[in-house]
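Below is one structure, written out as structure tokens; the observations come after it.
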Amino acid sequence: MIIILYISAAVAAAALIYLAVSAVRFKRNTKPDIKKINGTAASMQTSVEEIKTETQLLSQKQKELQEDFLTKKTAMQTTAAEVKGTPHVLKMLWNAGKSDI
């Protein structure tokens, strides 16, 4: 009976040793892959940060362009309104000139 107990303990110890060796091998084999994945993740993070910066710059440029467009639109509308009123002013001047004669 004691022999069976010792054999069972030896098998359990061998299984634990095999488990530890397998775990160390697994860690050693996956270490380069994990480094590669971490490097790729860092590169992607850098790219994401660059894209965020570009997005902010583009948004700022878009806002500036919209403001510029609005300013120019207002100036054109003001000019167009003045041009539309020019015939009336010329007519008044013409009539004022005729009445002076």
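Could you list, in sequence order, the residues of segment 1-18 that are loosely packed, with under 10 Cβ neighbours inside 10 Å and among the polar types (S, T, N, Q)?
Within segment 1-18, none qualify.
Every residue, every condition in (1) free of Cβ contacts under 8 Å to residues at least 24 places away in the same chain; (2) of a type in the set (Gly, Ala, Ser); (3) surrounded by 10 or more Cβ atoms within 10 Å (Cβ to Cβ), yes or no:
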position: Ala23; (1), (2), (3): yes, yes, yes
position: Phe26; (1), (2), (3): yes, no, yes
position: Asn29; (1), (2), (3): yes, no, no
position: Pro32; (1), (2), (3): yes, no, no
position: Lys35; (1), (2), (3): yes, no, yes
position: Gly39; (1), (2), (3): yes, yes, yes
position: Ile51; (1), (2), (3): yes, no, yes
position: Lys84; (1), (2), (3): yes, no, no
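Considering each of Asn29, Asn38, Asn95 in turn, give the residue that is of a type in the set (S, T, N, Q), over 31 Å from the mean Cα position of the chain (by Cα) and at pLDDT 90 or above.
So the residue among Asn29, Asn38, Asn95 that is of a type in the set (S, T, N, Q), over 31 Å from the mean Cα position of the chain (by Cα) and at pLDDT 90 or above is Asn29.
The values are calculated or read from the model by the stated rules, or taken from the named source; none is laboratory data. Just so we're clear, the structure is a prediction, and the values are computed from it rather than from any experiment. For neighbour counting, all protein chains shown are included, and Cβ atoms are generated from backbone atoms with ideal geometry for every residue, glycine included.
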